[in-house]
Amino acid sequence: MAAPRFIRLGLVLFLMKVSSGTYLAKCCPPGEIFSGHSTVECVSKPRNAMELYVRQWNTTAEGIPQCDEPEDLMTTKFDDLDSNNFLEVPACLEILHEQVAGGIAVIVVHCRSNKDRQMKAINEFLPQLAYVRKCCPNDTIFDSRTKACVPRSNESVSLAEFLRSKSADTELVVVATEGSPTCKKPIVDYVIGENDIILRNNTYSVMVPTFRNNFIKEELFVAEDTACFDMTLNRTLVARVCRDPGFCNDNACIRKCCAENEFFYADGCNKLPVPDEPTEFHVALANAVNQTKSSTFAVTKDYGVLIGKPCKYGMYPVDPKEEEWLLTSEGHVFVQDYAVYDQNKYCMDIFYSKLIPERNFYLFICFDNPNATKEANLVRLRMNTALELTSCAFLLMTLLVYVCLPSLQNLHGKTLMCHVSSLLLAFICLAVITWITPVDPEEELDTTTCKALAYTTLFSFLSAFSWLNVMCFDIWWTFG
């Protein structure tokens, strides 16, 4: 009875050894990939290029396979392998980066010699590839407080190790791309638990809070170009997800003028001089919000960040030292003595200037549509003209009554006629001024005409009030 048990045990161990030997290792050392110049030459990984992360402890052979003949070494795209193809081991996986064409693909490096048939393995043992985007460059992690990439300590767990530990039943190979996704709409940072990330059919999904309720969660399926993952300083996972446009209708959002790796300069947005330099935007935002007593925006909770200047007709800065502003819980901006502006009417960023050595946090408000302003000015000017002409009509009728009736032309009537005449001339001048005023502020009016109307209006009003004083004295003298 003991002999069959030993035979079965030996068979299991042999199968485990063969199975473990069929898994593929990484061809190049960590931090290196294949270049387009030579498909079997390891070079340093370019910035923001893909990199493979494999389980080194489950592999029996590492590095580029040694074939019987150098010309037998060949490469095959991982996606081209199917159940009808045979793949000889030892073999390895690597990223092929075409520097000229810009193409990136996962390839398998193996020998095409058929001398050793017992070393062949069908590709059912090929590992599972999981494509993800790492928010920060290699050897850095994400700081959820400053929302910036900081150096990773030796004690912290890397993103690849965390994701592979979540897939213990399969031989997972993580294909990671560095850099945050470029979102057309808000990007939101979620600090999630280890059970809130799920891998299904090579696609990750995350469980995030629904709206402002932290207890009810919804599942979001994320792609490589819509989300990124990274570890935080306290060994938790952060997911930066591009949300749909309606997210800001029910959640707090703010708008940043420039991208996260850019700063706002006098002539627009420019890249940071040091690409990996931590940005100061979110720290400056928290300081600006805390300095305003009436702000209800919670900088410690999840909020969306819209990227880009929304202003079509320019914008102007709001100096916090001169004008007080506050941020509402929805992410709207209220400037004292002005209106409330939503995310489509403002943006904020750290402003860099050669004239100002320190980096100041500024709020920028969009100018209104000049065409809409012109139309509003035109309506206002024409309405003022019509109302002033109405006054002129009644004043003219009053003057004609006194002119046509000699019985009214006593001392009081004559002073009243002088007062009405002066007032009529003043209102006529005002009507002419509003009529000839240009709608476009950039247009200029003739200086001579402006001076003539101004002096005439001034004289008419002074004359009207002077005759009004004469009338008041006459009434006091007669009836006092």
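Laboratory data are not the source of any read-out in this text; all were calculated from the coordinates shown. All values reported here derive from a predicted model rather than from experimental measurement. Glycine gets a Cβ as well: all are built from the backbone with ideal geometry, and neighbour counts include every protein chain shown.
A crude spin-label estimate for the pair HIS412 and ASN249, with each label 7 Å from Cα along the Cβ direction, gives 6.9 nm. On the beta carbon distance between LYS184 and ASP342, with R0 = 22 Å, the FRET formula returns roughly 0.80.
Comparing Cα centroids, region 222-265 and region 325-340 end up 23 angstrom apart. Between MET397 and LEU445, the FRET efficiency from the beta-carbon distance, with R0 = 51 Å, is close to 0.95. For LEU233, the residues whose modelled amide H falls within less than 5 Å of its own, excluding neighbours fewer than 5 places apart on the same chain, are SER144.
With Cβ to Cβ distances under 13 Å as the rule, what net charge do the other residues near LEU363 carry (K, R +1; D, E -1)? Neighbourhood net charge equals 0. With R₀ fixed at 35 Å, the C-beta to C-beta distance from ASP72 to ARG200 puts the FRET efficiency at about 0.35.
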